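Have a look at the structure below before the remarks.
The values are calculated or read from the model by the stated rules, or taken from the named source; none is laboratory data. None of these values were measured; they are calculated from a predicted model. Quick reminder, even Gly has a Cβ in these numbers, built from the backbone with ideal geometry, and neighbours come from all protein chains shown.
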Amino acid sequence: MNEEKSYSKRVEEEFKNYGKRVKELKASGKRVIGYLSPIVPVEIITASGAIPIRLKGDVYEAVTTANGYMETIVCPFVRNVFDSALKGKYGFLDGLVMPHLCDSMDRTADIWNYNLGLNYFHFLNVPHVTDEPSLDFFKEILSIFISSLERFLEREIREEDLRMAIEVHNRNRGAMRKLYELRKSEPPLINGVEMMKVLVATMGLPVGESISMVEGLIEEVSERKLISDGHKPRIMIIGDQIDYTSLSETIEDGGGIHVMDDISIGSKAYWADVEVDKDPLYAIAERYLRKLKLPTFVESSDTYSETVEKRFGYLKDFIEEFRVDGVILVTFRYCDPYGFEVPLIKGYIEDLGIPVLYMEDEYSASTIPRAKTRIEAFLEMLME
Amino acid sequence: MSEEKKTRQLATEAAGKIPKFVRGNLSATLRAKEEGKKVAYAFIADGQDEILRAMDIVPAWGESYSGICAAKRDAERFLQKAESNDFSRSLCTYATCNLGFDIWREELDGQMPPDAPWGGMARPDMIIGSAQQLCDPRFKWPQATQYYLKDVPVFIGGMYYPPWDPNTDHKQQEKLYVRYAKEELMALVRFCEKHTGKKMDWDRLSQIVELSDRTCDMFIDAYELRKAIPTPMDTGDAMNTMVPITFNLGTEEAYNFYKDLFDELKGKVDRGEGVVENERFRLIWAAGLPSWFALNDFQYFHNKGAVFPVEVTYRVCERTDRLDLPRTDDPLEHIAWRWVRYWTNWYEKARKRPGSLPKVERIIEYIEDYRCDGAVFHSAFSCRSWHAGIIQQAQVLTKVYGDIPILILEGDIVDISTYNEADTHNRINAFIELLEKSREKRG
């Protein structure tokens, strides 16, 4: 068995058995803190000595138990993950951090807290405005989070712990960005389905093991030979927690190639680092409040064009660098933060001359056939 | 073509004055340009309206206008307009109805859409939203609106309160939240000054804030008269009488309205006049915005002898002396304290009852004070902010307070497409039977 196969195999294993490695570490005495969304500063959890694991749902698992606790008007992803948690999938967690990402998380935080019976639960009240008072406020909110973790883990989180955690998470993000670089070629050295599996697999690993996996993959993938069978429509997916491969599979089975993403387990989580030459808490606050490109955050300018450029300008760079031919924009039903941005983002990208397919989805495998039909039609249009 | 709804019977004269109030607010937006005033799209209960009043900025309430469209059963065409612009039906329908209206008005170069309910709402000079804990649409809706009204500046301010945590003393965090809220309110003042070309008159703001305090106190005093048996006013009327406190805070008109309401209710109480002749059941409207197109359902409850002497919805303030507000000469700081203390007002009670929640403690307090026999919730599908968590509130209420009849109605605030009157009435009938059985059981 050569090295490439061994890394690819590990990605497959971690993808199929999400959380398995963390569960093993828990059994060996490590503390594990779950979290939702990319706005929870994982550096702080790492600095505490606990292992952070980002929770995901399972689109192939119907929501059942959660129906008795959580309304159907809540984000389908949030409901799905809560359902998984109720069913014991995350029974290895010592605690959970729920951020104020959106109403679906804010308004259900008590439901999670009261019904999962975890030893530790913290609601991280992340502000949405990015001005100076908000940054100061967020820094204080992070201090409260640190204090609560210290009390729970009975361990002080020192400045040097934070600095080390920042360094290691920056390294992880840097490695992932290098892997993304290998998607720029035609054809890409790593396809969309494989990349999605890497993104899922790594978010369920301790950060050190994630780095090893990604750096190992970079070496292997770099040695692959480019074999082109003609130009295929190069697709970027935009959305939030798309932690399943069916969209990428549909694109690539339909004659396209998924070359880039703007999703919350992908580039949204990996594109910005924490600055290392600043006060660590300030730098963490700054990174999460001002550098994450999420609809949760508001950065206003004097004019509409400046505001929209600040919000979506990075997409223009992605489209150019990854030579994107078409964009598939996916929102989840009942998602106000993304839903209200649809005309804006669609308009912005279409003004760049790039076609957009917009789909409202339900974080469920039941919608795959419907999505497949629309994606195939979109690809056909791009290939004409 | 809109479908006209049947007129609901009002219990109070005060509620009958409300259409004039609402029309007045709308026409103020249409008159503003002639009067040299700026119009701002604004949101209710976010601590920002007193600043607008002090700056002579005329607020245009999108939530109110969507509610009007819904009440007149004329929202569908605006919802469809928004949907044709890729705004999903699952989003907040206050927002999508208003966006549909705005898009249509822009398509007509500023002319009102044909037969716009009550003459329509003026195009704003600015949009003032807030990114906070009341709801996501309060900052996403302004951003979406600006896509169609690109020349209109937008301000979004942060406004938060300490989250509920049964293991944490929120008072330790209050000052942090108040300081932040004050700074964000100051940022709003600067924004208003920039876009009106006027400086804030701080003495005037202080007077307005003091008037708001008195209005809140009068509002609560009037509403507490509803504790009487029979109750002189129900939630159906309260969905009207909430207008001044919600949309006209900081004005003499609002204060005078509640003074008049107090006098009217006092008279009814003295005379023993109730909403219904034979008051059989007293209910709390425990959570949820109403279906504005189906306010007649309150009448249906009345016909069964059931009344709502109290509701959580739109009871947007508390008597200021009960909030124990720290003394300050800074009106912004006062607004911030009032905001934070209102939202955390039931935390202490919840902490004292293991397993409870602040929202549930508030319901329990009202159940006891207003001697309610059952609780009704309304779950509106397009609004997560007020409606996610209702199942939990109902479960915790039963768990910590005891077996009380509960009805959870389902519908929407604006979108009539999911509403089924027959089904709703059947559920109310079943609930009335449950109340009867519960009473028999209690003896």
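If only one of B:T241, B:T313, B:T231 is within 27 Å of B:A388 (Cα to Cα) and in contact with a strand residue (DSSP E or B) (Cβ under 8 Å, 6 or more places away or on another chain), which one is it?
B:T313
Name the residue that is farthest from the other protein chains (Cβ to nearest Cβ), counting only residues in the range B:185-204 that are free of Cβ contacts under 8 Å to residues at least 40 places away in the same chain and assigned to a helix (DSSP H, G or I).
Of everything passing the filter in the range B:185-204, B:D203 is farthest from the other protein chains (Cβ to nearest Cβ).
Look at the range B:257-296 and say how many of its residues are small (G, A, S) and touching a strand residue (DSSP E or B) at 6+ places or on another chain (Cβ under 6 Å).
Here the count works out to 4.
What helices (runs of 4 or more DSSP H), lying completely within the range B:307-412, carry at least 3 residues that are closer than 24 Å to B:Y94 by Cβ, in contact (Cβ under 8 Å) with a residue 12 or more places away in the chain and more than 11 Å from chain A (Cβ to nearest Cβ)?
Filter on the range B:307-412 gives B:331-343.
Being crowded, with 19+ Cβ neighbours inside 10 Å, of a type in the set (V, I, T) and more than 9 Å from chain B (Cβ to nearest Cβ) is true for just one of A:I368, A:I354, A:I284. Which residue is that? It would help to see each step written out before you state the result.
Working: A:I368 fails: crowded, with 19+ Cβ neighbours inside 10 Å; A:I354 fails: crowded, with 19+ Cβ neighbours inside 10 Å.
Going through A:I368, A:I354, A:I284 in turn, the sole match is A:I284.
Go through (1) of a type outside the set (D, E, K, R); (2) crowded, with 22+ Cβ neighbours inside 10 Å; (3) under 15 Å from A:G19 (Cα atoms) one by one and return the number of the condition A:P206 breaks.
(2)
Considering the range B:419-438 alone, what residues qualify as being more than 22 Å from the chain's Cα centre (by Cα) and over 18 Å from B:H302 (Cα atoms)?
B:N420, B:K437, B:S438
Name the residues in the range A:40-78 that are assigned to a helix (DSSP H, G or I), within 14 Å of chain B (Cβ to nearest Cβ) and either free of Cβ contacts under 8 Å to residues at least 40 places away in the same chain or touching a Pro at 6+ places or on another chain (Cβ under 8 Å) (or both), would you?
Across the range A:40-78, the qualifying residues are A:T65, A:A66, A:N67, A:G68.
Can you tell me which residue is nearest to A:I141 (Cα to Cα) among those in the range B:160-184 that are within 7 Å of chain A (Cβ to nearest Cβ) and of a type in the set (D, E)?
B:D165
Name the residues in the range B:147-159 that are within 18 Å of A:D131 (Cβ to Cβ) and either facing chain A (nearest Cβ under 7 Å) or at pLDDT 95 or above (or both), would you?
B:P153, B:V154, B:F155, B:I156, B:G157, B:G158
With under 24 Å from B:A71 (Cβ atoms), small (G, A, S), within 14 Å of chain A (Cβ to nearest Cβ) and out of contact with any Gly (no Cβ under 6 Å at 6 or more places or on another chain) as the only criterion, which of B:G100, B:G119 stands out?
On the way: B:G119 fails: within 14 Å of chain A (Cβ to nearest Cβ).
The unique qualifying residue is B:G100.
I need the full set of residues from the range B:130-146 which are touching a residue at least 40 places away in the same chain (Cβ under 8 Å), facing chain A (nearest Cβ under 7 Å), assigned to a helix (DSSP H, G or I) and of a type outside the set (A, V, I, L, M), in order please.
So in the range B:130-146, the residues touching a residue at least 40 places away in the same chain (Cβ under 8 Å) come out as B:130, B:132-138, B:140-142, B:144-145.
After this cut, where a residue has to be facing chain A (nearest Cβ under 7 Å) as well, the list is B:133, B:135-137, B:140-141, B:144.
From what's left, assigned to a helix (DSSP H, G or I): B:137, B:140-141, B:144.
Answer for the range B:130-146, where residues must be touching a residue at least 40 places away in the same chain (Cβ under 8 Å), facing chain A (nearest Cβ under 7 Å), assigned to a helix (DSSP H, G or I) and of a type outside the set (A, V, I, L, M): B:P137, B:K140, B:W141.
Here are the criteria: (1) farther than 27 Å from B:Y342 by Cβ; (2) within 14 Å of another protein chain (Cβ to nearest Cβ); (3) out of contact with any Cys (no Cβ under 7 Å at 6 or more places or on another chain). Tell me which single one B:Y94 does not satisfy.
Here B:Y94 clears every test but (1).
Have a look at B:P163, B:P232 and point out the one that is part of a loop (DSSP other than H, G, I, E, B) and within 30 Å of B:G355 (Cα to Cα). Walk me through how you get there before you give the answer.
On the way: B:P232 fails: within 30 Å of B:G355 (Cα to Cα).
That would be B:P163, the only listed residue that is part of a loop (DSSP other than H, G, I, E, B) and within 30 Å of B:G355 (Cα to Cα).
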